[in-house]
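Here's the structure we're looking at; comments come further down.
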Amino acid sequence: MSKQEFIESGILESHLMGLTSEEEQEQVAEMMLSDRELSEYVTELEDDIKRYFAEGAVAPPEAVREIILLRSIREKKGRSSYDSGQTTDTAQYLNVEVNDTHMKVHKLWRPAFIAVFVLSKIFLIAGLYFYFKSVAQQEEIEKIKTEMQLNGK
Amino acid sequence: MNELERAGNGVNGQALSKPKTLTSLEVYDLYGSMAYGIILQILPQVHLAQEVLVSVFSSPQLQSCNSYPFTFAACVIKLARAKAVEAKRKLTALAPIGEHTSGDASPQSIFDLAFRQGFTPEEVAGKLNISKSEVLRSFHEFFKSYRNV
């Protein structure tokens with residue numbers, strides 16, 4: 001296949017767009033290594049393809065950049081701790097500022113709180129019961145005392 | 001070898017116009033909007049397109065662009081298309097879309113089928129009853145006509 005036929009075959013365009021098979025990729029590599037002019041043509045073609053797709057560019061939302069930034073930081077930290085063979089506590093976590101008023105406690109605190117609540121209710125009821133009982137007894141004693149005084153007279 | 005793996009493997013040879021090794025974020029700043037445009041052409045659902053965009057620039061395959069023999073732009077185009085086509089295939093597997101039956105074999109139509117709709121050159125050739133070499137030639141014609149506009 002001559003150089004011109006190779007250019008017109010469209011293999012180069014397909015290759016740059018990721019549409020070629022392995023065999024075609026090897027063919028492109030061989031042709032480019034053997035021909036400097038072809039390499040220059042590919043550079044121009046790349047510019048054309050880039051220009052074509054750049055015309056259809058759409059600005060993504062800012063949040064996407066933030067997510068990519070966070071992921072790259074996480075990856076970098078993971079990689080550096082892996083490379084150094086150290087797993088320090090700080091290297092495992094991202095420093096994220098949390099604006100939250102909630103706290104987490106051990107799940108055993110739940111039955112403990114329920115038991116304290118139930119016991120407090122029992123003591124409150126018992127306290128009220130004995131208070132009113134003592135008041136009633138006091139009144140009964142006063143009444144008996146009054147009756148005894150009246151009978152004595 | 002799937003399309004993503006193919007996107008990561010270029011030909012062996014010297015870099016043609018590679019200035020330096022770039023980080024994911026630097027590549028995103030340069031080609032993020034181009035990649036997003038490509039993804040939206042293949043996958044018009046905005047939320048899915050944004051997810052694919054993140055996956056393109058968080059992908060370890062993006063780092064292989066540093067050793068890719070062509071420019072970052074070409075590597076990003078390949079990777080963005082491959083990821084978007086992969087997501088589109090997953091989506092159409094859940095809710096299949098209608099087949100392309102126009103039979104139009106113009107370079108524009110062939111380019112749309114192969115690049116935007118994610119068909120391989122062999123599949124496009126089969127759909128339009130033409131040879132694979134004619135499909136590839138149409139890509140050349142498509143960019144040739146673009147250059148001459």
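Descriptive notes on the structure:
- Global form of the range B:107-148, assessed from the alpha-carbon gyration tensor, a/c cut-off 1.5: oblate
- Global geometry of the range A:3-55, whether rounded, prolate or oblate, following the gyration tensor of its Cα atoms and the 1.5 cut on a/c: oblate
- Each residue in A:31, A:103 was given a count of other beta-carbon atoms within 10 angstrom of its own, and listing them fewest first yields A:103, A:31.
- Going from the fewest other Cβ atoms within 10 Å to the most, the residues A:116, B:54, B:124 appear in the order A:116, B:54, B:124.
- Peptide B:70-77 has a mean of 6 when you count, residue by residue, the C-beta atoms of other protein chains within 10 Å of its C-beta.
- With the biggest extent put first, the Cα atoms of the range A:107-153 measure 70, 7, 5 Å across the principal axes.
- When each of B:88/B:127; A:50/A:77; B:83/B:132; A:50/B:144 is checked by Cα-Cα distance, pairs over 21 Å: A:50/A:77; B:83/B:132
- By the count of neighbouring beta-carbon atoms within 10 Å, fewest first, A:135, B:46, B:76 end up ordered A:135, B:46, B:76.
Coordinate-derived values only; no laboratory data. Model, not experiment: these values are computed from the prediction. Positions of Cβ are generated from backbone atoms using ideal geometry, with glycine treated the same way; all protein chains shown enter the neighbour counts.
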